[in-house]
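Structure record follows, encoded as structure tokens.
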Amino acid sequence: MDSQDVCQTLGITKRTLQSYREKGIVPYSNVGGKFFYRESDVAAYLESRTKRKEA
């Protein structure tokens with residue numbers, strides 16, 4: 001996934017995504033100056049932020 005895909009998926013801005021990279025919140029690769037993210041890493045981040053209903 002590229003940065004635009006991740007921003008749309010997470011509902012965040014490019015600046016927020018940059019902050020996530022700087023803080024190590026979402027793993028990424030940099031190829032030719034462009035950032036890429038694994039779908040599984042983005043899904044894991046979403047899962048970690050999901051609130052569960054307590055029984």
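Each value in this text was obtained by applying a stated rule to the coordinates, not by laboratory testing. Note that this is a predicted model, so its numbers are computed, not measured. Neighbour counts are summed over all protein chains in view; Cβ atoms, including those assigned to glycine, are modelled from backbone coordinates with ideal geometry.
What to note about this one:
- Computing semi-axes √(5λ) of the Cα gyration tensor in Å directly from the structure and comparing it against (1) 28, 9, 5; (2) 17, 13, 8; (3) 23, 11, 10 singles out (3).
- Bridgeable aspartates and glutamates around K51 (alpha carbons under 19 Å apart, same-chain partners fewer than 8 residues away excluded): D41.
- Once exposed loop trypsin sites (Lys or Arg not before Pro) are cut out (DSSP; at most 12 other Cβ, 10 Å), longest piece of the chain: 1-50
- Spatially proximal lysines relative to K14 (Cα-Cα < 16 Å; intrachain offsets below 8 disregarded): K23, K34
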